[in-house]
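Undergrad: Encoded as structure tokens, here's the structure I'll be asking about.
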Amino acid sequence: MANCGVEQAGEGWSVKARPWKPTWAETAQDPPDAAPSRLASRADRALVPGDPFLKQATGDSYPSYRTPGQRTAIRTVLGTEPGSTVLTILPTGSGKSAVMSVPAYFAKPDVSVIVVPTTSLALDLASRLEATYVLDHQLAYHGGLGTTERDAIRQRLRNCEQWLVVTSPESACNSLEPTLTSIAGQGRLRYLMIDEAH
């Protein structure tokens, strides 16, 4: 919702935003649309000094943490007892990928799985991680792959030659499921991470 005004402009109409302060924000100093209308940043983008292990676990891609929340999340996941569940909620651009990949890096050769809601997100994330870790094999496992490519990923996972796979819920619960179940039965499934849960 917003407070807009409409004016006739020549042969057409012009819509302009007016200052907007809804009743639920009456006590706020600024209306909720003040920062966006000024194009002011509402996020603190000051980098946070990295831990000594961070550069090693990111191939020198992240010498610093992007946000204090990212630092807290990575430290929490690394320090949590096996079998625990960690829920991390971070804004876009604050480094959720590293929260998943850094612990997975230290768990290798055990397997970690990142589940994302769409194939396009799987391909994007996998591409970034393949570049970060200079990997010569594919991380994204999805329905668009041919049988040979899917077999190769499953074989690498079973043979301890691939420590991370990015996939969709459908693939994780169907064609990839027997491989993941086998790996879990051997005690080699370290992290199951769900990104952008919808």
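Undergrad: Cross-link partners among lysines for residue 108, C-alpha distance below 25 Å, same-chain residues fewer than 8 apart left out?
TA: 55, 96
Undergrad: Determine the per residue accessible area of the chain with all protein chains present and a 1.4 angstrom probe, expressed in square angstrom.
TA: It amounts to 60 Å² per residue over the chain.
Undergrad: Further, regarding this structure: Using packing as a proxy for protection, rank 53-60, 83-90, 23-30 so that the peptide with the highest average count of other Cβ atoms within 10 Å comes first.
TA: Going by the mean number of other Cβ atoms within 10 Å, highest first, we get 53-60, 83-90, 23-30.
Undergrad: Collect residues whose amide H, placed 1.01 Å from N in the peptide plane, falls under 5 Å from the amide H of residue 193; neighbours closer than 5 in sequence don't count.
TA: The list, which skips near neighbours in sequence, is 113, 114, 115.
Undergrad: Can you give me the distance in nm between label points at residue 137 and residue 121, each placed 7 Å from the Cα along the Cα-to-Cβ direction?
TA: Taking the two extended label points, one gets 2.5 nm.
Undergrad: Projected onto the charge dipole of the chain (+1 at Lys/Arg Cβ, -1 at Asp/Glu Cβ, origin at the Cα centre), which of 141, 31, 82 gives the Cα projection farthest towards the positive end?
TA: Comparing the listed Cα positions along the dipole, 82 ranks first.
Undergrad: Let me ask you something else. Of the heavy-atom accessible surface of region 53-171 (probe 1.4 angstrom), what whole percent is carbon and sulfur?
TA: That share works out to 52 percent.
Undergrad: Can I ask one more? Using θ = phi - 60° and the Karplus curve 6.51 cos²θ - 1.76 cosθ + 1.60, what whole-Hz ³J(HN,Hα) does each residue of region 58-65 get, with Gly and Pro shown as x?
TA: 10, x, 6, 6, 10, x, 10, 7
Undergrad: While we're looking at this one, here's another question. Using the Karplus equation 6.51 cos²θ - 1.76 cosθ + 1.60 (θ = phi - 60°), what ³J(HN,Hα) coupling, rounded to whole Hz, does each residue of region 169-175 give in order, writing x for Gly and Pro?
TA: With the stated coefficients, region 169-175 comes to x, 4, 5, 4, 9, 10, 5 Hz.
Undergrad: Another one. Give me the percent relative contact order of the chain, please, defined on Cα pairs under 8 angstrom at least 6 residues apart.
TA: Contact order relative to length: 18 percent.
Undergrad: Between residue 173 and residue 106, what length comes free when the chain is fully extended (0.36 nm per residue of separation minus the Cα-Cα distance, one decimal in nm)?
TA: Length gained, residue 173 through residue 106: 21.6 nm.
The values are calculated or read from the model by the stated rules, or taken from the named source; none is laboratory data. Not measured: the values here are computed from a predicted model. Cβ coordinates were reconstructed from backbone atoms using ideal geometry, including for glycine residues, and neighbour counts include every protein chain displayed. The protein model used for the area step is the full one, side chains on, heavy atoms only, and it has no ligands, DNA or RNA in it. Shrake-Rupley method; radii C 1.70, N 1.55, O 1.52, S 1.80 Å.
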